[in-house]
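Beneath this line is the structure, given in C-alpha cells, with notes to follow.
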Amino acid sequence: MPDKIQWVYSSKNNSELSERYNQWAKDYERDLTENFGRSQREPIVDLTIKYVSKNAHILDAGVGTGIMGKWLQEEGYYNLVGIDLSPGMLAEAKKKNVYTELHQMILGEPLDFPNAAFDAVTACGVFTYGHAPSSSFDELIRVTKPEGYIIFTLRPDFYENSDFQEQMADLETQSKWQLTELGEKYQAEPQGKPDLYLQTWVYQISR
C-alpha cells in the first residue's frame, strides 16, 4: 500500500490537498488504525478535558472524518462545530452525528465566524507538512474568546524545521496567547513509522 500520509503531505496547494482527502475519506480511519497503528484516542482529548468545560462551545478545526468530535462527545462535549477543506471528509464527519454544524472552510484564510465565537479550538493532525499554515493561528485566536484555549498537535520535527516555532513565539511576544502546557511526545504511527512523533500544545488566549 502506498504511503497515503506522504501522498497528502506532498500536495502542492489547497485544491490538490482537498481532492486527495476526498479520495481517501472513506478509507481514512481504517487505514490509520490498521496500516499505521494510530491510537484509538490521542492525548489531545485528555488535555481538552483538563482545560475546557463540558458546556464549552468548541471549534474542531480540520475535522477530517470527525474522529476528534467523536472522542469529545464520548466525554460529554456536545456543543461542537467543525470545519474542513475537504467535502469528502466533511461527509464522513456528518455521519457521526456529533457536530451541531459542519462547514467547508480553509485554515489560513478568513473564517466565517464572528470574533470570540468559541470557548476553545481543537486541531488534531492539522498543522503538518503541506497542510494548514502557521498564519492560521491569527484567525483561530480571533474566533476564540479571551481566556479560551487553542489546543493542537504538532510534529516536533515539523515545529523545528518550519516557521511555526517563530510564529508561535511571536504571538506570545505580542501577548496574543500564552503557552499553558506542552504535552509529552508520543508515537504517531507505531506500525507505519515508529520514529514519527507528535506533541500537543495548549495555549490560552490573552484577555
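The values are calculated or read from the model by the stated rules, or taken from the named source; none is laboratory data. Everything numeric in this text was worked out from a predicted model, so none of it was measured. Cβ coordinates were reconstructed from backbone atoms using ideal geometry, including for glycine residues, and neighbour counts include every protein chain displayed. Keep in mind that these areas ignore ligands, DNA and RNA; they rest on the heavy atoms of the full protein, side chains included. Shrake-Rupley method; radii C 1.70, N 1.55, O 1.52, S 1.80 Å.
Laid out as a table, the results:
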item	result
Any hit, the stretch 153-168, residues being closer than 24 Å to Lys50 by Cβ, in contact (Cβ under 8 Å) with a residue 24 or more places away in the chain and part of a strand (DSSP E or B)	yes
Qualifying position, being among the polar types (S, T, N, Q), in a strand (DSSP E or B) and buried (at least 16 other Cβ atoms within 10 Å of the Cβ), among Gln178, Gln187	Gln187
Residues of the stretch 38-70 that turn out to be touching a residue at least 60 places away in the same chain (Cβ under 8 Å), closer than 23 Å to Lys94 by Cβ and among the hydroxyl-bearing types (Ser, Thr, Tyr), as a count	1
Some residue of the stretch 56-76 being open to solvent by less than 40 Å² (accessible area, probe 1.4 Å), closer than 21 Å to Asn14 by Cβ, of a type outside the set (A, V, I, L, M, F, W, C) and out of contact with any Gly (no Cβ under 8 Å at 6 or more places or on another chain)	yes
Asp138 being part of a helix (DSSP H, G or I) and either among the hydroxyl-bearing types (Ser, Thr, Tyr) or surrounded by fewer than 18 Cβ atoms within 10 Å (Cβ to Cβ) (or both)	yes
Residue within the stretch 90-109 that is open to solvent by 30 Å² or more (accessible area, probe 1.4 Å), over 14 Å from the mean Cα position of the chain (by Cα) and over 14 Å from Val63 (Cα atoms) present	yes
Residues located in the stretch 47-94, provided they are part of a helix (DSSP H, G or I) and farther than 24 Å from Gly108 by Cα	Leu47, Ile49, Lys50, Tyr51, Lys70, Trp71, Leu72, Gln73, Glu74
Single residue of the stretch 173-206 satisfying the filter (among the acidic types (Asp, Glu) and touching a Lys or Arg at 6+ places or on another chain (Cβ under 9 Å)) that is farthest from Val143 (Cα to Cα)	Glu189
Neighbours by Cβ (under 8 Å, 6+ apart or cross-chain): first from the stretch 192-207, touching a residue at least 12 places away in the same chain (Cβ under 8 Å) and part of a strand (DSSP E or B); second surrounded by 22 or more Cβ atoms within 10 Å (Cβ to Cβ) and among the aromatic types (Phe, Trp, Tyr)	Thr200/Phe152; Trp201/Phe152; Val202/Tyr149; Tyr203/Tyr149; Gln204/Tyr149; Ile205/Tyr149
Members of the stretch 97-129 that are assigned to a loop (DSSP other than H, G, I, E, B), at pLDDT 95 or above and touching a Lys or Arg at 6+ places or on another chain (Cβ under 7 Å)	Val98, Asn115, Ala116
